[in-house]
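In what follows, a single structure is set out as structure tokens and then discussed.
The values are calculated or read from the model by the stated rules, or taken from the named source; none is laboratory data. Quantities reported herein were computed from a predicted structural model and do not represent experimental measurements. Using ideal geometry, Cβ is built from the backbone for each residue, glycine included, and neighbour counts are taken over all protein chains shown. Note: areas computed on protein heavy atoms with side chains; ligands, DNA, RNA excluded. Shrake-Rupley method; radii C 1.70, N 1.55, O 1.52, S 1.80 Å.
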Amino acid sequence: MASNMDREMILADFQACTGIENIDEAITLLEQNNWDLVAAINGVIPQENGILQSEYGGETIPGPAFNPASHPASAPTSSSSSAFRPVMPSRQIVERQPRMLDFRVEYRDRNVDVVLEDSCTVGEIKQILENELQIPVSKMLLKGWKTGDVEDSTVLKSLHLPKNNSLYVLTPDLPPPSSSSHSGALQESLNQNFMLIITHREVQREYNLNFSGSSTIQEVKRNVYDLTSIPVRHQLWEGWPTSATDDSMCLAESGLSYPCHRLTVGRRSSPAQTQEQSEEQSTDVHMVSDSDGDDFEDATEFGVDDGEVFGMASSALRKSPMMPENAENEGDALLQFTAEFSSRYGDCHPVFFIGSLEAAFQEAFYVKARDRKLLAIYLHHDESVLTNVFCSQMLCAESIVSYLSQNFITWAWDLTKDSNRARFLTMCNRHFGSVVAQTIRTQKTDQFPLFLIIMGKRSSNEVLNVIQGNTTVDELMMRLMAAMEIFTAQQQEDIKDEDEREARENVKREQDEAYRLSLEADRAKREAHEREMAEQFRLEQIRKEQEEEREAIRLSLEQALPPEPKEENAEPVSKLRIRTPSGEFLERRFLASSKLQIVFDFVASKGFPWDEYKLLSTFPRRDVTQLDPNKSLLEVKLFPQETLFLEAKE
């Protein structure tokens, strides 16, 4: 077995010969060949022509020619110059033949095999696929590269690919086929969330982690590294589907069971043991990571402590703070917190209230008793080692998310920055008192995150429970339910008091309404009576005025009448007898030469105006009021005597 110094030299020579810049990949290949440099090079570069000289045995071994210009040494600079000993061109070398690469490209329900020289570009693969799949190159996304997305102009040789490769094609701009195809299911799975139940073999602990379908297998392994401190290169997995052949593959296409899938992870004890287990278990293809991002995990081989590596990994995973420092608007700060939380831990998380803490109080407490809820305040801290586990396993568990959404208003704050911590302590002191503020102030970083359960009361807000980050899903659920029992008992009392108060207020409102209606009815009656009296007074006034007017007219007519002639008079006299509607008779003598108008005036002076009454004769019956009033009584044949009667006009 080679010593550590020999391994460094072998690693540098292997990278110089093969051009593999990824330290992790290089170490893996060397370990698979028990650190035999020549065997490892032969396993990477097919031997067709040429001679490769071994630096360690002195024998001549057929192999590819090494060109220093085309394979620059990319390993870190070492203090020992012997760490970089490429095969010198002075030895006997035969020109290297082009290396052929095999690609199996999957698109929906089709597989296309492509064979190209490593001097070709990615764009040439797409052109071949365009002819095979009838898909324009501009609509095609070629995925599955270990190094991430690549440009069409990238030369395959620069990617340092193995001989056999698996890729897949995505066409997001093209509509899915009408039938239920593999591609349609893949596109749908990319938007789904997978629950991975991962068992840590050594400690017999189970983790429930949520990942989106677009997450890669490598991202899962990185998260497991944060939880278990097992570097990705040393992780030994069981339970991955046989189709999951590449760490760069996303979960949606890996063949995982939806919505839950069980996996087991442990620490690989030695390279030889890992290689042996890999041969025995052909289905567990993810024994070793191929990602470029795991270089730091190999630091243990070169004297770097695992604890330091863990801290480096945790810091590298945090792309941006959960909450801006010195945020002026709490609503904007909570928007960024929610977005960053979703980015880190997935979309299955509690619905955080967007707004100030006072607004959260209003929403939770200052409503009707039946609509009140408990207030849950989540206090985040990025520097705590418990934060990632608490968020991914506890806070994002479906049972916790569902229970919080039904019974709680959830508000969050990030205490990582000192300014944000001081701001929350000020709010805490104002709303909960100095005791609670001091309790939070004295919490150590590793005791975070905290979960405060607040219940609103008539005069103050009471902190029912303070839950620290070192808990389990079951314990968190039990403490939430215990808080709900206390809240429910208080809520029932509040509902009873509120119902009684509303009943009293309803009775009072009904009484006030009845009194108001009674007043309105009395006022309406009074006003109607006043209107009636006013109308009667007005009519009475009109009647009096009319009577006075009639009386005045009657008196004037009576005064204007000529004196009644005597029975014995030199002139002819006509004697008229007039019967009134009441049966009384009016008798008077008139000169035969008197005009008929004088008779009308006489009748009117007795209260029977001729415009309201008509004067009728009996034999023959005629309406005297229709005759010419300027004719004499003699002319209208009311002489020497006549009986007339008055009749009211219709």
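Would you say residue 27 is outside any helix (DSSP H, G or I), in contact with a helix residue (DSSP H, G or I) (Cβ under 9 Å, 6 or more places away or on another chain), modelled with pLDDT of 50 or more and open to solvent by less than 20 Å² (accessible area, probe 1.4 Å)? No, not satisfied.
Among the residues that make up the stretch 503-518, is at least one of them closer than 30 Å to residue 463 by Cβ, open to solvent by less than 70 Å² (accessible area, probe 1.4 Å) and polar (S, T, N, Q)? Walk me through how you get there before you give the answer.
Initial filter on the stretch 503-518 (closer than 30 Å to residue 463 by Cβ): none.
Scanning the stretch 503-518, I find no residue that is closer than 30 Å to residue 463 by Cβ, open to solvent by less than 70 Å² (accessible area, probe 1.4 Å) and polar (S, T, N, Q), so the answer is no.
For the stretch 395-407, the set of residues classified as among the hydrophobic types (A, V, I, L, M, F, W, C) and open to solvent by 10 Å² or more (accessible area, probe 1.4 Å) consists of 397, 401, listed by residue number.
Could you tell me how many of the residues in the stretch 367-389 are assigned to a strand (DSSP E or B) and of a type in the set (Gly, Ala, Ser)?
Within the stretch 367-389, the subset assigned to a strand (DSSP E or B) is 374-380.
Add one more test, that the residue is of a type in the set (Gly, Ala, Ser), and what stays is 376.
So the answer is 1.
The number of residues in the stretch 432-463 that are under 30 Å from residue 498 (Cβ atoms), open to solvent by 40 Å² or more (accessible area, probe 1.4 Å) and assigned to a helix (DSSP H, G or I) comes to 1.
Pairing residues of the stretch 111-127 that are without any contact (Cβ under 8 Å) to a residue 60 or more places away in the chain and closer than 17 Å to residue 171 by Cβ with residues that are basic (Lys, Arg) and surrounded by 13 or more Cβ atoms within 10 Å (Cβ to Cβ), at Cβ distances under 8 Å and at least 6 apart in sequence or on separate chains, gives 111/104; 112/104. Against the list (1) surrounded by 18 or more Cβ atoms within 10 Å (Cβ to Cβ); (2) more than 26 Å from residue 495 (Cβ to Cβ), the condition residue 356 fails is (1).
Counting only strands (runs of 3 or more DSSP E) that sit completely within the stretch 561-650, those holding 2 or more residues that are of a type in the set (Val, Ile, Thr) and crowded, with 17+ Cβ neighbours inside 10 Å correspond to 573-579. Residues considered: 474, 382, 414. Of these, the only one that is surrounded by fewer than 16 Cβ atoms within 10 Å (Cβ to Cβ) and either in contact with a His (Cβ under 6 Å, 6 or more places away or on another chain) or not aliphatic (A, V, I, L, M) (or both) is 474. In this structure, is residue 127 modelled with pLDDT under 80 and open to solvent by 60 Å² or more (accessible area, probe 1.4 Å)? The answer is no for residue 127.
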